[in-house]
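**Q** This is the structure I want to talk about, given as structure tokens.
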Amino acid sequence: MDKLILIDGNNIIYRAFFAMPPLTNTAGQQTNAVYGFTTMLLRLIEEHKPSHLIVAFDAGKITFRHEGYEDYKGGRQKTPPELSEQFPLLKDLLRDLGVPQFEISGYEADDIIGSISREADAAGREVMIVSGDKDMLQLASEHTTIALVRKGVTEVELYGPQQIREKYDLTPEQIIDLKGLMGDASDNIPGVPGVGEKTALKLLHQFGSVEGVLAGTGELKGKMKEKLEEHADSAVMSKKLATIYREVPLEHAWEDMSFAGINRDTAGPALAKLEFKSLLERLSLSAYSGAAGEDTAVEAAEAAELDITIVGEDGLEALIAALPGISALHVETNGENPHRSEVIGIGLSSPEQHYYVPFALLQNPAASPLRDWLGDSNAPKSGYDLHRADLALHWQGIAFAGAANDVQLAAYLLDPTEANQNLNDLTSKYGLPRLSPDEDVFGKGAKYKIPELEILGNHVARKSATVLGIVEKQQQELQETAMTGLFVDLEMPLSRILADMEKQGIAVNKEELKELGKEFEAQIASLVSEIYEICGTEFNLNSPKQLGEILFVKLGLPVVKKTKTGYSTDAEVLEKLAPYHDVVRLILQYRTIAKLRSTYVEGLLKEISEQTGKVHTFYRQTIAATGRLSSQFPNLQNIPIRLEEGRKLRKIFVPSEPGWSILAADYSQIELRVLAHISGDERMKEAFLEDMDIHTKTAMDVFGVTAGQVDSNMRRSAKAVNFGIVYGISDYGLSQNLNIPRKEAAQFIEQYFEVFQGVRKYMDDIVQDARKQGYVTTLLERRRYLPEINAKNFNLRSFAERTAMNTPIQGTAADIIKLAMVHMDKALFERGLKSRMLLQVHDELVFEVPEDELELMKQLVPEVMAGALKLSVPLKAEVSYGSNWYEAK
DNA sequence: TGGTTCACG
DNA sequence: ACGTACGTGAACCAT
């Protein structure tokens, strides 16, 4: 079956430009629009496998349309040079991909598309038109679907005549009338002033067309009638402007559009030249990535010259002699969870020589000097993800110490939002020889296989060599961005502390956990049978799709919210439905208990170590864009606390030695204290200086009442506003949270800012700063770039603005607790205490403490936490303890 | 693999 | 008019 895809080139590259962060290749050429365009194009090709395909571009500045109306598109801003530079890149790339492109002098892309689609319609061919321009909807027909691009270029909505009818109750032809009445600011089509989409639709439903409306003004009255009569000419002309011209002369178009798939011979080098690695991988053309331009070819040659020794028993002595010169290593492990992975081997690098030591050899008695070196804190080492290496070695009985420079950690500080800063990504960033991707060397998923020694050894030794190459450049960059202190004094020491906490783990009462599991099981069984009974049918309660079918079709409950794929059935929706039907409460209860069982009971049981009987989480130090930690395998940062049913789970976390206690200390209102400090708002500072309840104080000031007059509702609202402030407030968000009209929320916010003017100034200033500098920082100079702060797209820009407000707050709070952890570790060591730090939960630290240290620790922990960083308001930490984590509340 | 839901700060 | 609160990870379903 023939299938034709027509792409509105100008429109899509425009959208891609504003939607994508400003990527540049190593030559400094911005390539983001080309990249966005290409990802979308490849997706379309993969999904739809078109037999014919073109990208249409506007040609020439003056189109025939100007003859009628010289202001046509006059309102449009000039194309930024960063975008116009990318047109030739895109056109070259399309040529090399083998994608036909049309450009006809005097016509715009939509005219070309309209004309081709007219012919295709006549021939009954399947057509899909891809554009972000709603005007295109006028081309929809039985065989022609419009794919309207949304959300930058990541999503499309498909429109045929049917969907247009559902959405607007109009025919495709009437889309032109719609435009004629409402106009279009971006194309400078005037329409009728005062008529927007709502009014235009109403008129069209009544009269059918622009002409019909103008003829029927007699039936209307008031302002609307005047407006329409006054601007009748404008409406007619606007309709003409909005009409896509469908008579562009085209010859042999069908043959010219035929598309047999990507031309793999020319696509590889072209994508490599643009440095689109992920696209090369997507097309399985990775082989080209190393052979790009001349530069990388030279570097590849250099890489081949590396002096690599694969160490055998007979080579150990030479290696051991060389150890003093070795400063970089790479510990190759398998698996994601470092507590459960095996060490495969180690790469070691000095500037002159590179070694690979298979793990079996490392365990050889003769390798003991090498093991001593690995565990020697006075032998400084650089590496990638040393924290992970430390854990993997630890469980094999090999001590690791002396981590001096973790290039993954440094890369994270230099750009915490850059996902997947794997070693190979860093090679391209720093212009080093590329490594073979791990997936090529080891295979992926079920095909994972350790390759033969020669290949493995070379690969791993190249990794340590790469580390060596990266270190120096990163040190420079850290200096330039004022983050050396953060790296050397905070993040590097912390990574060792985290490893200690993770190795220690937290003890779990397995029997009690199983008991809890049984209780949940029983509750679930009874809920499930009751629910099936009421619904009169059995179905999979865990499937939102099946549940939606039951609730909204079978029981006919009102649809509150939809998701991309169907009905939404989240807790917020179910709460709203609860009054309509008794079963909804039961479903909510089922959800709660089922979550506790599967995630917390079953999930935790699976994570209990056979060796230690404890759970050993893995903190990731390079994930959260704000500087927070995250926790995995299992996640111990989201153990239930808010609802009593779930909170009980905390009883299973117990001290690992008899007679000890669990001690927990958490910061009180750390984020708002940080905000008080960085904004310098006097009123807010006063609240903390006098150690008042901040939400009550906020309510007093915002509502202008005394402490005694603040009721629970006022305090609740004030609390929500305070949260909103921390998140980068919007009236919409607050209205959702408080379940109040948006106007009221906006009023709250305005009143808040009247009172806390320092906070308002901070919010304004930080967004300005972000615009100017392109990034925001925390108190400790942790940095986050916000490339979308200047985006044209409202959503992207708003998101960046909220992030600009939130990140310095959340990030500084993260800095502070990290500092506290470093200080606490030191205090425990210096005082020779047996107490151990076990967990961090963003604003809380959890310890296990022997009886005879309890009194001391109750003093010491909050003192150290409060003293971690001196702010203009006091920091406060509250401590509690008990025989398990539940009791420590 | 992506979407939905829900646990935490 | 636009359509969201900030930051995470895990389980489960559907494809």
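The values are calculated or read from the model by the stated rules, or taken from the named source; none is laboratory data. These numbers were taken from a predicted model, which means no experiment stands behind them. Every residue, glycine among them, receives a Cβ derived from its backbone with ideal geometry; neighbour counts consider all protein chains shown. Just so you know, the surface numbers come from the protein's heavy atoms only, side chains and all, with ligands and any DNA or RNA stripped out. Shrake-Rupley method; radii C 1.70, N 1.55, O 1.52, S 1.80 Å.
**Q** Residues of region A:401-449 being assigned to a loop (DSSP other than H, G, I, E, B) and within 16 Å of DNA strand C (Cβ to nearest atom), which ones?
**A** Going through region A:401-449, the residues assigned to a loop (DSSP other than H, G, I, E, B) turn out to be A:401-402, A:415-422, A:430-437, A:443-444, A:448-449.
A:415, A:416, A:417, A:418, A:419, A:420, A:421, A:422, listed by residue number.
**Q** So if I check each of A:804, A:820, which one is crowded, with 22+ Cβ neighbours inside 10 Å, within 26 Å of residue A:871 (Cα to Cα) and within 27 Å of the chain's Cα centre (by Cα)? Quick ask: steps written out before the conclusion?
**A** Values: A:820 fails: within 27 Å of the chain's Cα centre (by Cα).
Result of the check over A:804, A:820: A:804.
**Q** Checking residue A:79 against (1) over 17 Å from residue A:36 (Cβ atoms); (2) modelled with pLDDT under 90: exactly one of these is not met. Which one?
**A** Unmet condition: (1).
**Q** For region A:599-624, name all the residues that are near DNA strand B (Cβ under 10 Å from one of its atoms) and either in contact with a Gly (Cβ under 8 Å, 6 or more places away or on another chain) or under 15 Å from residue A:517 (Cβ atoms) (or both).
**A** Of everything in region A:599-624, those that are near DNA strand B (Cβ under 10 Å from one of its atoms) and either in contact with a Gly (Cβ under 8 Å, 6 or more places away or on another chain) or under 15 Å from residue A:517 (Cβ atoms) (or both) turn out to be A:599, A:600.
**Q** Just give me the residues in region A:543-598 being small (Gly, Ala, Ser) and either open to solvent by 70 Å² or more (accessible area, probe 1.4 Å) or near DNA strand B (Cβ under 8 Å from one of its atoms) (or both), in sequence order. So that I can check it myself, show each step before the final result.
**A** Our first condition is that a residue be small (Gly, Ala, Ser); within region A:543-598, this holds for A:543, A:548, A:556, A:566, A:568, A:571, A:578, A:594, A:598.
Matches in region A:543-598: A:548, A:566, A:568, A:571.
**Q** Within region A:714-756, which residues are under 18 Å from residue A:687 (Cα atoms), over 25 Å from the mean Cα position of the chain (by Cα) and not aliphatic (A, V, I, L, M)?
**A** A:715, A:716, A:717, A:719, A:751, A:752, A:753, A:754, A:756, listed by residue number.
**Q** All but one of (1) open to solvent by less than 30 Å² (accessible area, probe 1.4 Å); (2) within 13 Å of DNA strand C (Cβ to nearest atom) hold for residue A:795; which doesn't?
**A** (1)
**Q** Identify, by number, the condition in (1) within 16 Å of DNA strand C (Cβ to nearest atom); (2) in a helix (DSSP H, G or I) that residue A:479 doesn't meet.
**A** Going through (1) within 16 Å of DNA strand C (Cβ to nearest atom); (2) in a helix (DSSP H, G or I) one by one, residue A:479 breaks only (1).
**Q** Mind listing just one residue for me: the one in region A:484-530 that is free of Cβ contacts under 8 Å to residues at least 12 places away in the same chain and of a type in the set (Ser, Thr, Tyr) and, of those, farthest from residue A:823 (Cα to Cα)?
**A** A:529
**Q** Can you name the condition, by its number, that residue A:536 falls short on among (1) within 16 Å of DNA strand C (Cβ to nearest atom); (2) farther than 30 Å from residue A:502 by Cβ; (3) loosely packed, with under 14 Cβ neighbours inside 10 Å?
**A** (1)
**Q** Another question about this same structure. Would you be able to tell me the number of residues in region A:216-268 that are in a helix (DSSP H, G or I), open to solvent by 30 Å² or more (accessible area, probe 1.4 Å) and under 30 Å from residue A:203 (Cβ atoms)? Reasoning before the result, please.
**A** Let us first name the residues in region A:216-268 that are in a helix (DSSP H, G or I), namely A:217-219, A:222-230, A:232-242, A:253-256, A:264-268.
Narrowing the set further to residues that are open to solvent by 30 Å² or more (accessible area, probe 1.4 Å) leaves A:218-219, A:222-227, A:229-230, A:233, A:236-237, A:239-240, A:254-256, A:264-266.
Checking which are under 30 Å from residue A:203 (Cβ atoms) leaves us with A:218-219, A:222-227, A:229-230, A:233, A:236-237, A:239-240.
Number of matching residues: 15.
**Q** Quick one: how many residues across region A:575-615 are within 14 Å of DNA strand C (Cβ to nearest atom) and of a type in the set (S, T, N, Q)?
**A** The qualifying residues number 3.
**Q** Return the residue satisfying two criteria in turn: it lies in region A:823-841 and is crowded, with 19+ Cβ neighbours inside 10 Å and outside any helix (DSSP H, G or I), and of such residues it is farthest from DNA strand C (Cβ to nearest atom).
**A** A:835
**Q** Follow-up. Is there any pair with a first residue in region A:69-97 that is assigned to a loop (DSSP other than H, G, I, E, B) and a second that is at pLDDT below 75 whose Cβ atoms are under 6 Å apart and which are 6 or more apart or on different chains, and what are they?
**A** A:71/A:188; A:72/A:65; A:72/A:66; A:73/A:187; A:73/A:188; A:74/A:188; A:75/A:188
**Q** For region A:168-191, what are the residues that are assigned to a loop (DSSP other than H, G, I, E, B) and at pLDDT 85 or above?
**A** The answer is A:169, A:170, A:171, A:172, A:173.
**Q** Can you pull out the helices (runs of 4 or more DSSP H) entirely within region A:643-732 that have at least 2 residues that are without any contact (Cβ under 8 Å) to a residue 40 or more places away in the chain? Quick ask: steps written out before the conclusion?
**A** On the way: elements: A:644-647, A:670-679, A:682-689, A:694-703, A:712-727.
Of the helices (runs of 4 or more DSSP H) lying wholly inside region A:643-732, those with at least 2 residues that are without any contact (Cβ under 8 Å) to a residue 40 or more places away in the chain span A:682-689, A:694-703, A:712-727.
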